[in-house]
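Mind looking over this structure? Questions follow.
The values are calculated or read from the model by the stated rules, or taken from the named source; none is laboratory data. Since we're looking at a predicted model, the values are computed, not measured. As a convention, Cβ positions derive from the backbone with ideal geometry for all residues, glycine included, and neighbour counts pool all protein chains shown. Note: accessible area is taken over every heavy atom of the protein model, side chains too, but ligands, DNA and RNA are not part of it. Shrake-Rupley method; radii C 1.70, N 1.55, O 1.52, S 1.80 Å.
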Amino acid sequence: MLKIAIQKSGRLYEDSVKLLKECGIQLNNGHKQLKTTAENFPLEVYFLRDDDIPQYVYDGVADIGIVGENVLLEKAKDIDLVFRLGFGKCRLSIAVPKSMPYQTVADLDGLKIATSYCSILKKYLHDKGITAEIHEISGSVEIAPGIGLADAICDLVSSGSTLFTNGLKEVEVILRSEAVLTANKDLSEDNTALLEKLLLRINSVKTAKNNKYIMLNAPNIQLQNIFHCYRA
Ligand code: ATP
Ligand code: ZN
């Protein structure tokens, strides 16, 4: 049986469950349980905090998992990125108070930056040759400058409205992220086969989304014209 870890609740929960459903996999019960078994596919589903998923996949407690690429990179576990799923899109960005004059990344030099993504930020600043103090906080990062905890933040952004309401402006995009399917590097032969079967279904779901199924009545004589029309 293949074991998959998905987020218990939060931004990726609904789309993860929806994806499994679209793959024709029926889950017995909701995420109130820690785990559930699919009815018609040899799949066990674990509902976990997204931050824990890379570790569980690495340890083999779960064979595969759905998690944001941002979390995958931050945790830096030696596991495979198998498929980009196309939902949970966001970017990891640096933001500063609106009133702060900002021209280039060099303006971050000497600042104190609050984030939950220390590892990614540290690498980014190092690559850019910036020396800044990184202050790790686990949530509500966007209020840090307002309460004097930091000069800037590095956090996930999608619409930018949270930044705006906290008087911040996005100045650098570090990473563009989306939900990904990740897998343990040492899957058994049986589980590799199951993963391939699941991937085939995920691919079909994705392809189906880019196509339209059209039914129409038409005279035989017009078939060629219609065909050319739709190809165009
Ligand atoms: P958990 O309780 O599982 O730890 P969380 O609060 O860390 O949840 P969520 O806010 O539910 O996480 O976000 C989960 C993932 O959704 C993020 O890691 C990211 O990949 C994606 N995401 C998409 N848009 C956003 C956004 N605007 N803000 C935060 N995360 C986003
Ligand atoms: Zn989390």
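Using a 1.4 angstrom probe with every protein chain in place, what is the largest-first accessible-area order of 228, 135?
Per-residue accessible area, sorted high to low, gives 228, 135.
Using θ = phi - 60° and the Karplus curve 6.51 cos²θ - 1.76 cosθ + 1.60, what whole-Hz ³J(HN,Hα) does each residue of the stretch 161-168 get, with Gly and Pro shown as x?
For the stretch 161-168, the Karplus curve yields 5, 5, 4, 4, 5, 9, x, 10 Hz.
For every helix of n ≥ 4 consecutive DSSP H residues, a contribution of -39,500 (n - 2.57) applies; sum these over the chain, divide by its total residues, and give [θ] at 222 nm rounded to the nearest 500 deg cm²/dmol. Spell out each step's value before the answer.
Details: 7 runs with 70 residues, N = 232.
Mean residue ellipticity, 222 nm, calculated: -9000 deg cm²/dmol.
Here are some pairs, 8/32; 18/209; 77/185; 21/206; 89/197; which of them have Cα atoms lying more than 19 Å apart in this structure?
Listed pairs above 19 Å: 89/197.
In what order, largest first, do 37, 165, 115 sit by accessible area if the probe radius is 1.4 Å?
Most to least solvent-accessible, the answer reads 165, 37, 115.
Taking a point 7 angstrom from the Cα of residue 159 along the C-beta vector, which residues in the stretch 89-120 have backbone N less than 19 Å away?
Inside the label zone: 89-93.
Sticking with this one: Along the stretch 17-27, what does the Karplus equation 6.51 cos²θ - 1.76 cosθ + 1.60 (θ = phi - 60°) give for ³J(HN,Hα), rounded to whole Hz, x for Gly and Pro?
With coefficients 6.51, -1.76 and 1.60, one gets 5, 4, 4, 4, 4, 5, 7, x, 9, 9, 9 Hz.
Then there is this: Pop the C-beta distance of residue 147 and residue 51 into the FRET formula with R0 = 22 Å and round what comes out to the nearest 0.05.
Rounded to the nearest 0.05, the efficiency is 0.35.
Continuing with this model, one more query. Given H placed 1.01 Å from N in the peptide plane, which residues other than close sequence neighbours of residue 83 have an amide H under 5 Å from its amide H?
When sequence neighbours closer than 5 places are left aside, the close amide H contacts are 181.
Is there a quick way to get the dipole size of the stretch 156-232? I mean about its Cα centre, with the Cβ of Lys and Arg at +1 and of Asp and Glu at -1; what is the value in debye to the nearest 20? Could you put the intermediate results ahead of the total?
Values: 9 positive and 7 negative charges, 89 e Å.
Value, rounded to 20: 420 debye.
I want to verify a result. In a Gaussian network model of the chain, Cα cutoff 10 Å, which of these has the top mean-square fluctuation: 33, 222, 103?
Highest fluctuation among the options: 222.
Under a 5 Å amide H to amide H cut-off, with H placed in plane at 1.01 Å, what residues pair with residue 67 once short-range neighbours are removed?
180, 182
Using the crude model of +1 on Lys and Arg Cβ and -1 on Asp and Glu Cβ, and no other charge, please compute the dipole size for the stretch 63-144 relative to its Cα centre, in debye to 20.
Magnitude of the dipole: close to 200 debye.
Could you look at the stretch 133-232 and say what percent of its accessible area is carbon and sulfur, using a 1.4 Å probe and all protein chains?
51 percent
Still on this structure, I have one more. Please compute the length gained on full extension between residue 186 and residue 223, using 0.36 nm multiplied by the number of residues separating them and subtracting their Cα-Cα distance.
So the chain would gain 8.2 nm between residue 186 and residue 223.
Return one whole number: the accessible area per residue of the chain in Å², for a 1.4 Å probe.
Numbers: 13490 Å² over 232 residues.
Averaged over the residues of the chain, the accessible area is 58 Å².
Let a ≥ b ≥ c be the square roots of the eigenvalues of the Cα gyration tensor of the chain; is it rounded (a/c under 1.5), or, if not, prolate (a/b larger than b/c) or oblate?
It is oblate, given that a/c is not under 1.5 and a/b is not larger than b/c.
Next question. Would you mind computing, in nm to one decimal, how far apart the modelled labels at residue 44 and residue 9 are, each placed 7 Å from Cα along Cα→Cβ?
Placing both labels 7 Å along Cα→Cβ, they lie 2.5 nm apart.
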